[in-house]
Amino acid sequence: MTQAKAKIPVNIYKPKDPYIGKCIENYPLVAEGGSGIVQHLTFDISGGDLHYLEGQSIGIIPPGTDENGKPHKLRLYSIASTRHGDKLDDGTVSLCVRQLEYKHPETGEPVYGVCSTHLCYLEVGADVAITGPVGKEMLLPEDEDATVIMLATGTGIAPFRSFLWRMFKEQHEDYKFKGLAWLIFGVPYSANFLYKDDLEKMQADYPENFRLTSAISREQQNKDGGKMYIQHRVAEHAKELWNMLQQPKTHLYMCGLKGMESGIEEGLAPFAKKQGVEWSDFVKSMKKDHRWHVEVY
Ligand code: FAD
Ligand code: A2P
């Protein structure tokens, strides 16, 4: 079962009247030699009614106007903290944000995303306009004995940070996880392994309950000599994953790059076929059971 519907907070703050929080933390998550800028941000939300559940997102409205002179539209970001927040006082919300950077298709000049740049360079003490929370797709099951398989690329780790903090780090009296969590995490370089120390410590502290598998695309190779992506790890562990997915207490979550969903099919579908199961039927039945959770962007 997913969280009871009545308890899911949604759209407490709307774009016309956002909550104005304050940035209390903004630190880099990419180590020396890594690619791009990814920041962990925490906002003080203690002054209003904003509250949320693990797996939800908030909207951020960047200051200023767009090229048509209209106020910027909100951008969604997955919440990276548990409902109790990084300070454990129910008064903060945290995000994991990558600065969007790409080359202009015609001029080749670097272009930086409006909102992600605003956030990545936000100063401690600065105001931030927040909407939401939104999202019912990625909620953590209430069952403390669940098997929770998480597939993440890059900042797709955000909701899983909130899950794993709730399961292992926070140890709040309202939730005592006894099941199995398995994170398969894809990053370009070891230096991009977001929250690495915390994740490794959890694995060392809870070896029976937490598995951590990495796919470091630009440092490791798959069996065909190409980049190591999470779907190749999924393929390596296909039998075990497949068996887990047959159990009603197992949930599969995916978060990150749009391309990853078809990648997972690539990794698991051949195995399913060997068992005589059509992939699309399998996904359909998982979705029907609310055990297949996808958030890609
Ligand atoms: P913008 O200034 O809005 O620029 C984006 C636009 O640039 C695109 O619409 C496209 O037109 C153009 N563009 C982008 N790439 C290229 C390219 N390669 N070539 C040409 N044009 C291009 N992001 C995170 O960092 N962390 C999260 O946890 C997170 N969670 C999300 C959760 C959800 C549910 C969704 C929908 C998105 C999430 N995002 C997350 C993405 C986030 O919402 C923004 O889309 C992202 O930060 C970029 O916004 P921006 O304002 O910086 O870029
Ligand atoms: P790469 O960029 O080497 O092709 P980040 O957001 O920090 O860049 O990390 C995203 C990770 O996901 C990178 O390792 C990236 O590899 C990888 N990746 C890119 N495309 C896909 C895809 N279609 N399926 C799975 N992983 C992908």
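The values are calculated or read from the model by the stated rules, or taken from the named source; none is laboratory data. The model shown is predicted, which means the values in this text are computed figures rather than measured ones. Here the Cβ positions follow ideal geometry from the backbone for every residue, glycine too, while neighbour counts run over all protein chains shown. Note: areas computed on protein heavy atoms with side chains; ligands, DNA, RNA excluded. Shrake-Rupley method; radii C 1.70, N 1.55, O 1.52, S 1.80 Å.
A few notes on this one:
- Distance in nm between pseudo-label sites at residue 121 and residue 144 (7 Å out along the Cβ direction from Cα): 4.7 nm
- Candidates 240, 25, 265: whichever shows maximal mean-square fluctuation once the chain is modelled as a Gaussian network with Cα springs under 10 Å: 240
- Within segment 122-254, percent of DSSP bridges classed antiparallel, to nearest 5: 5 percent
- Size of segment 179-236 as Cα extents on the principal axes (Å, biggest first): 34, 24, 11
- Evaluated with a Cβ-only charge set (Lys, Arg +1; Asp, Glu -1), segment 1-135 carries a dipole of roughly 540 debye about its Cα centre, given to the nearest 20.
- The mean sequence separation of alpha-carbon pairs under 8 Å and at least six residues apart, normalised by the residue count of segment 92-162, gives a relative contact order of 29 percent.
- Nonpolar atom fraction for the chain, defined as the carbon and sulfur part of the 1.4 Å probe accessible area, stands at 51 percent.
- Signed unit charges on C-beta, dipole axis of the chain, positive-most listed residue 34, 50, 259: 259
- Greater than 29 Å apart at Cα, pairs in 169/274; 223/273; 258/288: 169/274
- Here segment 164-208 is scanned for amide nitrogen atoms under 18 Å from the site 7 Å beyond the Cα of residue 277 along Cα-to-Cβ, giving 182.
- Dipole-positive endmost among 138, 162, 126 within segment 123-169 (Cβ charges, Cα centre): 126
- The chain - share of DSSP beta bridges that are antiparallel (%, nearest 5): 55 percent
- For segment 90-130, applying the loop criterion from DSSP together with a ceiling of 16 other beta carbons within 10 Å to the chymotrypsin sites (Phe, Trp or Tyr not before Pro) yields 121.
- Residue 8 sits with roughly 20 Å² accessible to a 1.4 Å probe, with DNA, RNA and ligands left out of the calculation.
- Enclosed volume per residue, in Å³, of the convex hull spanned by Cα atoms of segment 98-147: 184 Å³
- When only Cα pairs below 8 angstrom with a gap of at least 6 residues are kept, segment 252-297 shows a relative contact order of 63 percent.
- The Cα atoms of segment 34-83 give a gyration tensor whose axes a ≥ b ≥ c have a/c of 1.5 or more with a/b no greater than b/c, which makes the shape oblate.
- Full extension of the segment from residue 290 to residue 190, taken as 0.36 nm per residue of separation minus the current Cα-Cα distance, would add 32.7 nm.
- Principal axis extents of the Cα atoms in the chain, from largest to smallest and rounded to whole angstrom, are 56, 51, 36.
- Cβ charges +1 (Lys, Arg) and -1 (Asp, Glu), total dipole of segment 91-209, debye: 200 debye
- Only Lys, Arg, Asp and Glu carry charge here, each on its Cβ (+1 for the first two, -1 for the last two); on that basis the chain has a dipole of about 740 debye about its Cα centre.
- Fraction of beta bridges assigned by DSSP in segment 181-297 that are antiparallel (%, nearest 5): 10 percent
- Scanning the chain for trypsin sites (Lys or Arg not before Pro) that sit in a DSSP loop and have at most 10 other Cβ atoms within 10 Å, the longest stretch containing none of them is 17-175.
- The residues packed around residue 82, meaning those with a beta-carbon under 12 Å from its beta-carbon, carry a net charge of -1 if Lys and Arg are +1 and Asp and Glu are -1.
- Per residue, segment 23-168 exposes 41 Å² of accessible surface when a 1.4 Å probe is rolled over the protein heavy atoms with every protein chain present.
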